[in-house]
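Below is one structure, written out as structure tokens, with a few remarks after it.
The values are calculated or read from the model by the stated rules, or taken from the named source; none is laboratory data. As the structure is a computational prediction, the values presented were derived from the model and not from experiment. When we count neighbours, we look across all protein chains shown, and the Cβ atoms used for this are built from the backbone with ideal geometry, even at glycine. Note: areas computed on protein heavy atoms with side chains; ligands, DNA, RNA excluded. Shrake-Rupley method; radii C 1.70, N 1.55, O 1.52, S 1.80 Å.
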Amino acid sequence: MYLQELQLQQFRNYPTAKLTFGQGINVLLGENAQGKTNLLEAIYVLALTRSHRTANDHDLVNWQAKTAKVSGRVVKAAGTVPLELTFSRQGKRARVNHLEQARLSQYVGQLNVILFAPEDLAIVKGAPTVRRRFMDMEFGQMNPRYLYNLSQYRTLLKQRNRYLKDLQHKQNKDLLFLSVLSDQLAAFGAEIIAQRLAMLQKLEHWAQAIHGEISQQREELTFHYATQVADDQLTDVPTITAALSALYAKQQDKELYQGTTLVGPHRDDLHFQVNGKNVQTFGSQGQQRTTALSVKLAEIDLMKEETGEYPVLLLDDVLSELDDARQTHLLTAIQDKVQTFITTTSLSGITRQLIKDPTIFHVAEGTVVADAVDSDDPAASKED
Ligand SMILES: Nc1ncnc2c1ncn2[C@@H]1O[C@H](COP(=O)(O)OP(=O)(O)O)[C@@H](O)[C@H]1O
Ligand SMILES: [Mg+2]
């Protein structure tokens, strides 16, 4: 799939913008603080209805305005799909094919994106929340069922945590209602864990191949899903449900004491191992980078496997950060397959030969101008 057109109204520092993109590599070129990341963010938001860098939708609205709009046209094998999102104080509205969607989980998945920014090293180095968010965002895009389970789980989790806190102040504790909530939570928690395991197994397969290639087969990347559920119980949904229920029962006193739910997918983690050792604690900077890159590139293949279409790749200030070998690997992996957006302040750190016929946009103070120079023009290729 590719994003053919993007339109913005009062989004961040763009009063209005209307852009037509190339199917290959699109380079967004400009000084700092001009609006390059804002453009990538707009594409990310159009895909997922939420930003990767703020939890508050209102940050997306231009400071001088009350409502922001992001719309675009996605071209897929099955046809062209117009998408539209509006953000206002009343909340957000999502339209697919001009039809308003009652649930955001029905909207997400129309446009698939993978974002790779320098802070993505945090997938490897950061706190467990980063990796849980990673799993939830990526698997949610590929699978509406995953998003549904997740939103049910979150609602129940809030309810259960509130009830655990209430019980702290009660003399006579109604543990029956708690066990009802526990059973419901266990059921959705087990669905999420089972889906994560299935997706991780596929992702690991792709990431392993890529990591092996980048490291010239010197390193083997493996994943380990870290959970309180015992390994031999991570088999199917009913078994995991029973295991979670047993864990709630076992830790009931502790949960009542702390007033919060201590077991479940919201507490799990994902460990990346290189040659059997956790790369977060034992890996070199280089191994951590290779791991992050392999996982990101593997997502491209996984998304193709799951949805039948290649996603759109967003590379924010990341290309010039990679050494030549890793740049080459990345650009070869996406060539002729994946529509890619690259932001950069300069083309100098980038191996130009690998970027075939890029469409170049100049970004300055919330305006974007496409490069008029035709890439087939012999005068243009003299630059490199
Ligand atoms: N809601 C907003 N309204 C207006 N301007 C904004 C808003 N949010 C961020 N900005 C401006 O956008 C600019 C940052 O854009 P960004 O895309 O992050 O820059 P870069 O080109 O370095 O990636 C800053 O000048 C910031 O003040
Ligand atoms: Mg930026």
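Yes/no matrix, rows are residues, columns are (1) in the same structural domain as L313 (by the TED database); (2) in contact with a helix residue (DSSP H, G or I) (Cβ under 9 Å, 6 or more places away or on another chain); (3) polar (S, T, N, Q):
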{"site": "V75", "(1), (2), (3)": "yes, no, no"}
{"site": "A78", "(1), (2), (3)": "yes, no, no"}
{"site": "P82", "(1), (2), (3)": "yes, no, no"}
{"site": "F87", "(1), (2), (3)": "yes, yes, no"}
{"site": "Q90", "(1), (2), (3)": "yes, no, yes"}
{"site": "A94", "(1), (2), (3)": "yes, yes, no"}
{"site": "E100", "(1), (2), (3)": "yes, no, no"}
{"site": "Q106", "(1), (2), (3)": "yes, yes, yes"}
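Per-residue answers, yes or no, for (1) near ligand 1 (Cβ under 10 Å from one of its atoms); (2) open to solvent by less than 60 Å² (accessible area, probe 1.4 Å):
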residue	(1), (2)
R53	yes, no
K66	no, no
R73	no, no
K76	no, yes
V81	no, yes
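Tell me, which residue of the range 364-374 that is open to solvent by 50 Å² or more (accessible area, probe 1.4 Å) and part of a loop (DSSP other than H, G, I, E, B) is modelled with the lowest pLDDT? Applying the filter and picking the extreme gives D374.
Looking at Q110, is it within 13 Å of ligand 1 (Cβ to nearest atom) and either open to solvent by 20 Å² or more (accessible area, probe 1.4 Å) or among the charged types (D, E, K, R) (or both)? Criteria not met by Q110.
Out of the residues in the range 205-215 that are over 14 Å from E299 (Cβ atoms) and assigned to a helix (DSSP H, G or I), state the one that is least open to solvent (accessible area, probe 1.4 Å). This residue is G212. When each of G35, G109 is tested for being in contact (Cβ under 8 Å) with a residue 60 or more places away in the chain and within 13 Å of the chain's Cα centre (by Cα), the lone residue that passes is G109. Looking across L315, L293, L302, one residue alone is within 16 Å of ligand 2 (Cβ to nearest atom), within 29 Å of Y146 (Cβ to Cβ) and modelled with pLDDT of 85 or more. It is L315. Listed here are the strands (runs of 3 or more DSSP E) enclosed by the range 237-351 that have at least 2 residues being more than 16 Å from ligand 1 (Cβ to nearest atom), crowded, with 16+ Cβ neighbours inside 10 Å and not small (G, A, S): 269-274, 312-316. Among the residues of the range 181-204, the one identified as free of Cβ contacts under 8 Å to residues at least 24 places away in the same chain and open to solvent by 70 Å² or more (accessible area, probe 1.4 Å) is Q201. With respect to the numbered conditions (1) open to solvent by 10 Å² or more (accessible area, probe 1.4 Å); (2) within 15 Å of the chain's Cα centre (by Cα); (3) more than 30 Å from T80 (Cβ to Cβ), which one is the sole condition not fulfilled by M135? Every listed condition holds for M135 apart from (1). In the condition set (1) within 16 Å of ligand 1 (Cβ to nearest atom); (2) modelled with pLDDT under 95, F361 is compliant with all but (2).
Step by step: first the residues of the range 216-225, then only those that are more than 13 Å from A292 (Cα to Cα) and touching a helix residue (DSSP H, G or I) at 6+ places or on another chain (Cβ under 8 Å), then the one that is least open to solvent (accessible area, probe 1.4 Å). Which residue is that? Filtering first and then ranking leaves Y225.
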